[in-house]
Every structure is written in C-alpha cells, then in structure tokens.
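What follows is a short report on a single structure.
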Amino acid sequence: MAEQVETFNASQSDYKVVATHKGNYSETLNAGIAAFRAGEQPEILMVFEVGTATMMAAKGAIKPVYEVMADSGADFDSDAYIGAVKGYYTSTDGEMLSLPFNSSTPVLWVNRDALKDAGVDPDSDLSTWQNVGAVLDQLKEAGHECPLTTAWQSWIHLENLSAYHNVPFASQENGFAGVDTELQLNGPVQVKHIDQMGQWAKDGKFVYKGRRNEGGADFRGGTCALFTESSAGYAGIKSEAQFEFDVRPLPYWEGVEGAPQNTIIGGASLWVMEGHTDEEYKAVAAFLNFLSSAEIQAKWHQDTGYLPITSAAGDLTREQGFYDENPGTDIAVKQMTTNEPTANSKGLRLGSFDQIRGIIDEELEAVWAGDKDAQAALDSAKQRGDQLLRRFEAAN
Amino acid sequence: MEKRVTFKGWLLPLLLLLPQVIITAVFFFYPAGQAIYQSLFIPDPFGLSMRFVGLGNFEFLLSDPYYRASFVTTAVFSILVTVVSMGAALYLAVLADRLIKGSGTYRTLLIWPYAVAPAVAGVLWMFMFNTRVGVVSWYLGLLGYDWNHVLNEGEAMGLVVVASAWGRVSYNFLFFLAGLQAIPRSVIEAAAIDGAHFWTRFRTIVFPLLSPTTFFLLVVNIVYAFFETFGVIHTITAGGPQQATTILVYKVYADGFVGQDLGSSAAQSVILLLVVGLLTIIQFKFIERRVHY
C-alpha cells in the first residue's frame, strides 16, 4: 500500500496522498468513526469486509464511490471489476459503494513433504472433504501431530462453506436485501461440516490454533500438513516455508447439490467519507482510478496473493507468465469466478458482524473442546447472533 | 477532647480544593453523566441518529445469560488476582523483612515487574505459554502435559490471573514491606522473650498490626482487577476460549469498540460503576471495622 501511494504521488503533480496506519481492521474502523464524530474524517477509509453493513448504513457519513466518480467526471466503468469481488460492495441496484482493495478467498495449503513422509501421494485428490478425511486418517496413523489446521474459522468453515455449497448463511439474501435478516448458519450442510470437524478435533486430526491466523506459523514452520487459509497467505508461505508446498481449491462435500458454487471474498475496501471539497473528491477519484489500473493491480496480485480486482489485471498477470511460473496462484481466481454468484454466494452484509464472528468463534471453540455438539453450538450462535442483528436493525 | 483547627474564611480552602474538584468533574462526573445519558439510547456508530429506548439496553443486558455469566467470571478473576498477588507479596515481604544482607538487591528485583505495563506483561506471558513457541508450554510438553489455553478454559483463566497478578505483586510487596517495617521491633522482641514462635508472633501481632495496609491493598487490588487488567486479557485471550475470560470491563470494550454497539456499552459502564461503588461501600462498612489503626 505504501508503495502504491508513493508511486501515485510520483506519477502526477496535482495531488498528494498521505497514508496513515491506525492499527488492525477493527481499530481502523474505530479510528475512522471517532474521526468522523470529531469532524476530522479522512477522505478515504479502508474498512474490512465485515464492516460493510456498518458503513453502508451510515448514510450521511459516506459518499458512494460511483457518485464520487460521476461527480468528478473521472473515467469509471464498474463492469471492469470482477463480479464476485465487486458484488460484495455493490448496492442491490448494482451501484458500487466502495472500491474493493485487497480481496482474497480461502484455499487449501498443502505441505507436500509431510504427505510424502506419511506415505501419502502428495498429488492425491483433495478437492472434496471426503478425500481430505481419508488423507487425515492416513496422516494420523503415520503419527502426524497436526494433520489439519485452519485460520479464520468462521470465514472459511461457515461463511465460505455456505456460499460454496450454495446454501444461505442468513436470510434476506445474506443481508443484501435488508437489515431484517436472520442467521441461517445452522442448516444441515453447516451442521454436518462442523460435526465432522469436531470429530476430527476429537481424534487429533484437526488441531485448533486460534481465532485469527495463528495456525499460519504452524503451517509455515512445517508442523501442520494441511491448512485452510486465505489465498493471501501466499507471500508469507512462499518466503518462510522450508518444504515443498502446494495450493489447492477449498474442498467441498461431494453429494451436496450445487457444490462447488463459488467462494466469497475477505479483505477490505476503500470508502470515501462525506464532508470534503469537490477538489478533494477529484483527487480521490484520480487515486482510486490509479489503484484500479491493470499494472498496479497485477503487481499487487503477484506480490501478495490477493485477488486482482479487475479482469484486466488478471489477464495481464497471465500474459506476464506469472501463473505458469507459480502454479496454483490462479486457483483462487478460478474458484471465485467459474460460476456466476447466486444469492447465497454474493457475499454477506450483516450488521454487528465483527461481534457475530466473535460469537461464532466462541461456539466453534465449544465444539472443538468437545463441550457442545455441532447442532447445539450453531443453534446457539444463531440465537445469539440474531439478537445483535435486531439491535443493529433498531439502530439503523 | 477533640481538637479542631479551623481556618478563617472560605475562599482559601475552596481555592485549595478546586484543582481536585475540577479534575473529578472533567474526568469523572462528565464522562459518567455521558455514559448514563447514552445508556438510554441505541445510537448508530457514526452518531448520525439516536433512538431512545429507556431502560431497554439494561433489559437486553440483564436478560443475556452470557452477560450474567460475565459477573461470575469477573468475581472469580478478581478474587483470584487479589488473593494471589497479595498472598505472594505478603510472603515475599515477610522474607525480605527478615533479611540482613543484600536486602536492597532483593527489594529492587522484586519491585521491578511493577514497571512493566499490563499489556506488555500480557505479551510476555503469552509468549512463554504460547502453544507453539512458548518455553513453558514446551517444558510442560516434555513432562507429558499438553498445555492449550486456546481451548482449555481453566488454563486460560489461570494464565490471565497469573499474568495480571505478577506485576501487582511488586506493588503490594512495597506496601507490605513498609507496613512490616513500621511495626515496632520492641513489641515483637517482647513476644519473642515470652516464648512466642515466629508463626504465633505473625498471627497475633504482625498480621493485626498490618491490617490497615492489608485493607488498603484489598480495595486497590480489587479495583485493579476490575479495570486495569484489560491489557492482559486483550493480549492473551481476547476474552476466550468461549467466554471464559470475558470480564465485565472487557465486554464493555468488545461491545463498544468491536461491535460498535455504543448503547449497550454505555449501559454496561453504568452497571460496572454501580458494582464497584457498591463493593467499595461494602468494604468500608464491613471490613474496615476489623482494621486496627
């Protein structure tokens, strides 16, 4: 990001962008909100995907990106952006509200050496959870101490699981159609998956490392054989892993109708805040256009493993031969784009979502610890999450 | 007869009191008033609109079993932190008090941890017990104990208690040591001549004479455990696993600054204010009676 800002400032002399770091995603959103309340909001605020509903509801605090672009007369073609990426940040009328910035999607990372050591063919098919289960059995039998771990459990094993199997995570099109939404994460597909994961946890085949990406260090250090994590884990794994690794599509349950659909994104988008001059908005528009340009996006995609936000950037990356040199790096892109997103797989737009994720984390921990069965935990997550959704509905 | 010293006029006393009054007003009464006001609304995060709900926020909180459970967690946590930090400090102070050689060095070393901020202490302990790279958890593993505070509620609670109590031991140690040294040697020597052993002397003379210090520390430590342990919890467990280490003040933060639910957060602050006020009153009413000054 700092590099992009520098390139932008150097590329023209009309405007100067100043980037400020305010901490992690939750902290940044807080700082932005506090700044707005104090009347000192920045022009652009980077907000993680979970904060999307909060930002959307804040009419009067934000200026939609399509409006910024139109007012400043900048070239803007929202069709240039990849559907599955921009869909998350687009209103139901198809208007882009914030500019997708860093987007990633979950994939399966494989330690090929660990598989070989356990006598498993490192090229075995891991596209379904059934097959993954069989490999986990073999790894366990061979005495492997951490066959599978995960990062971001709610995002990967519930939110993406639901989209990938084309089942709803919440009513009202996952919250896209209104704030009177209720969680539906306790359906049969989700319960079956969490139940299986709980069983694996009990047998020592799935090892829980923490709510965020704590498991990443275990995978990069070679302790864990399989790892479900964002495609953006690429840069870290590539620089640290002392073993042969492989990236595979996120597994799905064979036999579930409609699977595999498409996975959804995580990451952040750039929101433009209200209360600035036209001249400043012109600068904002120029900067956002610069960020969306194919060259900048292609470099960003190749350096970090985040998804390109425009089709042009993906094409440019292919032309540059990056995918041929780094096999597997296009898996995330394919996984997101092979199917046209459905109402269940466009994304999620839920109020208080950061807190709801916290609740889901707690309930899943109860399953991994063997305190609750999957059905009871997910029922409880729904019930507790719905309370927060009702409060969000009341506040907006 | 009681002797009273009175000053003429009221301007000077008022002037002398003013700084404290202003500080209390700005940093306590104003924010507390704001919290009470905000607890009656459900506002949107950006402050664009507010919906009056009366006592709705309180109703919502008190009907939430997880919020009620948080009271129990807070009680368990505070009692453990207070007992552990005061117990260890008293033990060390008694030992240091009896030292003849090198007492200065020991004292300095014991006071050292107080200089470490709670959040930093939290990070230190987190690294020692980290399930992957932690030194302590690695040794525990060698002994055949599988340490995992990420999933085990008891271990998580134990870890945050020890991490919170650790820095506090120094503070308590200072006060206990000063208290011990203020006890007249002659009284203890007289008891020793009468044939009282160390333990008897401690139980019947030292501990009662130490009671003002103990009482002061009790109040201060409970307030510490309620409010200032936030950094430790945030860095080590973030309130988990499940909600095993979500104490009241952590929930205020989580709901307000993670969930952006400012109404509920304000209501929780008000409840917390009442709880601590009540606790302090109880302490002064009932425990202080047993203190010998």
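Quick note: the coordinates plus some simple rules give every number you see, no bench work behind them. Quick caveat, the model's predicted, so the values are computed rather than measured. Please note: Cβ atoms are built from the backbone with ideal geometry, for glycine as well, and neighbour counts cover all protein chains shown.
Per-structure values
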{"read-out": "Cα long-axis angle, helix A:374-395 against chain A (0 to 90 degrees, to the nearest 10)", "value": "10 degrees"}
{"read-out": "Quarter of the Cα convex hull surface for the range B:63-213, i.e. its orientation-mean projected area (nm²)", "value": "12.9 nm²"}
{"read-out": "Cα centroid separation, the range B:215-272 to the range B:1-51 (Å)", "value": "23 Å"}
{"read-out": "Computed helical MRE - 222 nm, chain A, DSSP H runs ≥ 4 contributing -39500 (n - 2.57), nearest 500", "value": "-13000 deg cm²/dmol"}
{"read-out": "Among A:Asn102, A:Asn160, A:Asn213, residue whose mean-square fluctuation peaks in a GNM of chain A (springs only between Cα atoms under 10 Å)", "value": "A:Asn213"}
{"read-out": "Neighbour-limited loop hits for chymotrypsin sites (Phe, Trp or Tyr not before Pro), the range B:91-184 (at most 11 other Cβ within 10 Å; DSSP other than H, G, I, E, B)", "value": "B:Tyr145"}
{"read-out": "Peptide ranges A:344-353, B:267-276 listed from the most packed, as the mean C-beta count within 10 angstrom indicates", "value": "A:344-353, B:267-276"}
{"read-out": "Within chain B, helix-based [θ] at 222 nm, where runs of 4 or more DSSP H residues each add -39,500 (n - 2.57), nearest 500", "value": "-20000 deg cm²/dmol"}
{"read-out": "Kirkwood-based shape ratio for the range A:10-62, expressed as Rg/Rh from alpha carbons", "value": "1.02"}
{"read-out": "Hz values of 3J(HN,Hα) by residue in the range B:222-237 - Karplus curve (6.51, -1.76, 1.60), Gly and Pro given as x", "value": "5, 4, 4, 4, 6, 10, 8, 7, 3, x, 5, 5, 4, 7, 8, 10"}
{"read-out": "Cα-based helix-to-principal-axis angle, A:2-11 vs chain A, degrees rounded to 10", "value": "30 degrees"}
{"read-out": "Check: the range A:258-374 dipole with +1 on Lys, Arg Cβ and -1 on Asp, Glu Cβ, in debye", "value": "300 debye"}
{"read-out": "Acute angle (nearest 10 degrees) that the helix A:278-292 long axis makes with the longest principal axis of chain A, alpha-carbon atoms", "value": "30 degrees"}
{"read-out": "Residue-averaged beta-carbon neighbours from other chains (10 angstrom radius) around B:236-243", "value": "5"}
{"read-out": "Proximal lysines relative to A:Lys346, as straight alpha-carbon distance under 22 Å, when same-chain residues fewer than 8 apart are discounted", "value": "A:Lys86, A:Lys334, A:Lys382"}
{"read-out": "Anchor B:Lys251: aspartates and glutamates whose Cα lies under 13 Å away (excluding residues fewer than 8 positions away in-chain)", "value": "B:Asp64, B:Asp261"}
{"read-out": "Chain A - convex hull of the alpha-carbon atoms, volume per residue in Å³", "value": "130 Å³"}
{"read-out": "Value of relative contact order over the range B:203-293, rounded to a whole percent, pairs C-alpha under 8 Å and six or more apart", "value": "35 percent"}
{"read-out": "At most 15 other Cβ within 10 Å, DSSP loop - chymotrypsin sites (Phe, Trp or Tyr not before Pro), the range B:1-83", "value": "B:Phe7, B:Trp10"}
{"read-out": "Tensor-based shape of the range A:271-379 (alpha-carbon gyration tensor, a/c under 1.5 rounded, otherwise prolate or oblate)", "value": "oblate"}
{"read-out": "Relative contact order (%) - chain B, alpha-carbon pairs under 8 angstrom, separation at least six", "value": "28 percent"}
{"read-out": "Spatial separation of Cα centroids for the range B:130-151 and the range B:191-210, in angstrom", "value": "43 Å"}
{"read-out": "Three-way shape call for chain B based on the alpha-carbon gyration tensor, with the a/c threshold at 1.5", "value": "oblate"}
{"read-out": "Kirkwood-based shape ratio for the protein assembly as shown, expressed as Rg/Rh from alpha carbons", "value": "1.03"}
{"read-out": "The range A:178-215 versus the range A:259-281: alpha-carbon centroid distance in Å", "value": "28 Å"}
{"read-out": "Qualifying chymotrypsin sites (Phe, Trp or Tyr not before Pro) in the range A:202-238, DSSP loop, other Cβ atoms within 10 Å at most 10", "value": "none"}
